[in-house]
Amino acid sequence: MEGKQVWKGLYAESFAQAKKEASQLSESAGIAAEPQGFAAIQPEMPRTANRIPLATAVDTYLEQKSGKSQKTIYQYKRTLNEFFLGSGCRDKEVTFAAWNDIDFDKKTYHVRRKEDVGFTPKSHESRTIPLPDSLIALLRARRKKAPHERWLFINEEGRPDNHFLRKLKRIAKRAGLNCGQCRTVITEGRYEKRKKVEVSCKDRPVCEHFYLHRFRKTCATRWHEAGVPIRTIQNWLGHKSLETTMIYLGVTDSEKLRSNINAAFFD
Ligand SMILES: [Zn+2]
């Protein structure tokens, strides 16, 4: 289930901010929002007649609240997160994604080298990744008021946004999504006071369940389950070897197929 579990950590913080009022809003409208924690992790749960995913509730809420800055933050995180999830890109490939790499007609992202900023894709190859319609729609909306003429995602200094992993772990912690079980050693303090300490994900942003490649694996798994051939997935992910792609998808693990294998031989 590793790659299959979908979560939206990058904008979990926005959920945390808005979820309470969002659920009140949907209640007053006579529509029940999905249980918050669950919806934040699996917002693509199927809709039923009387339930709406929390993502939709939050959108509606922010729409009505006309809280501009909050809505901007939320939309930024949502677009960034969907970009990770919908493109399967590595973090540097997201950092250096430029508007002219996006083909809005063909709905693709062209990952290419950018010498002036010292960006070279891993294994030195450029490639073109198809993006889902939902992500294209978010990008179209962002482009209308693009805060930078070249880069899709920028930080407060107007430079390509980065440190996504650290940010993701902080957001997960603040949103109360940490598992509470992880323990890890970090270096703390300055200069001569620097020392190694063991910390827990209970009160620190170090939960191992949150890492960027999880978006990438989830994306690959979705492509795979939608019937995209492994060779094509290898190309979209920019893997040099097919074996890496197979490991990603867990298709080398014959134990997972044990029941199929036995069924094939009537065992
Ligand atoms: Zn943890």
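Tabulated values for the structure
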quantity: Evaluation of Glu225 against (1) within 16 Å of the ligand (Cβ to nearest atom); (2) surrounded by fewer than 17 Cβ atoms within 10 Å (Cβ to Cβ) (one fails), failing number; calculated: (1)
quantity: Qualifying residue in segment 182-192 (condition: of a type in the set (D, E, K, R), at pLDDT below 90 and not in a loop (DSSP other than H, G, I, E, B)); calculated: yes
quantity: Number of the exception - Leu165 against (1) more than 16 Å from the ligand (Cβ to nearest atom); (2) assigned to a helix (DSSP H, G or I); calculated: (1)
quantity: Enumeration of residues in segment 199-247 that are in contact with a Lys or Arg (Cβ under 6 Å, 6 or more places away or on another chain) and of a type outside the set (A, V, I, L, M, F, W, C); calculated: Ser200, Pro205, Thr221, Gly238
quantity: Which numbered condition Pro160 fails, given (1) surrounded by 15 or more Cβ atoms within 10 Å (Cβ to Cβ); (2) at pLDDT below 85; (3) more than 9 Å from the ligand (Cβ to nearest atom); calculated: (2)
quantity: Criterion violated by Glu149 - all others in (1) touching a residue at least 24 places away in the same chain (Cβ under 8 Å); (2) away from the ligand (no atom under 16 Å from the Cβ); (3) surrounded by 15 or more Cβ atoms within 10 Å (Cβ to Cβ) satisfied; calculated: (3)
quantity: In segment 225-245, residue modelled with the lowest pLDDT [restricted to those that are farther than 15 Å from Ser126 by Cα and part of a helix (DSSP H, G or I)]; calculated: Glu225
quantity: Those residues of segment 187-213 which are away from the ligand (no atom under 14 Å from the Cβ) and either of a type in the set (Val, Ile, Thr) or within 24 Å of Cys89 (Cα to Cα) (or both), in sequence order; calculated: Thr187, Val197, Leu212, His213
quantity: Single residue of segment 193-219 satisfying the filter (modelled with pLDDT of 90 or more and not in a loop (DSSP other than H, G, I, E, B)) that is farthest from the chain's Cα centre (by Cα); calculated: Lys195
quantity: Condition check for Arg127: in contact with a His (Cβ under 9 Å, 6 or more places away or on another chain) and charged (D, E, K, R); calculated: yes
quantity: Out of Arg183, Arg170, sole residue that is surrounded by 12 or more Cβ atoms within 10 Å (Cβ to Cβ), free of Cβ contacts under 8 Å to residues at least 24 places away in the same chain, within 16 Å of the ligand (Cβ to nearest atom) and of a type outside the set (Gly, Ala, Ser); calculated: Arg183
quantity: Test result for Thr221, touching a residue at least 24 places away in the same chain (Cβ under 8 Å) and not acidic (Asp, Glu); calculated: yes
quantity: Residue match in segment 166-186 (condition: of a type in the set (S, T, N, Q) and in contact with a helix residue (DSSP H, G or I) (Cβ under 7 Å, 6 or more places away or on another chain)); calculated: yes
quantity: All positions within segment 132-189 that are among the aromatic types (Phe, Trp, Tyr) and under 23 Å from Ala220 (Cα atoms); calculated: Phe153, Phe164
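Each row is one residue, and each column tells you yes or no for (1) within 19 Å of Lys145 (Cα to Cα); (2) at pLDDT 95 or above.
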| position | (1), (2) |
| --- | --- |
| Ser69 | yes, no |
| Asn81 | yes, no |
| Leu85 | no, no |
| Glu93 | no, yes |
| Ile102 | yes, yes |
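The values are calculated or read from the model by the stated rules, or taken from the named source; none is laboratory data. Values in this document were obtained by computation on a predicted structure and should not be read as measured data. Methodologically, a virtual Cβ is constructed for each residue, glycine included, from the backbone with ideal geometry; neighbour enumeration extends over all protein chains shown.
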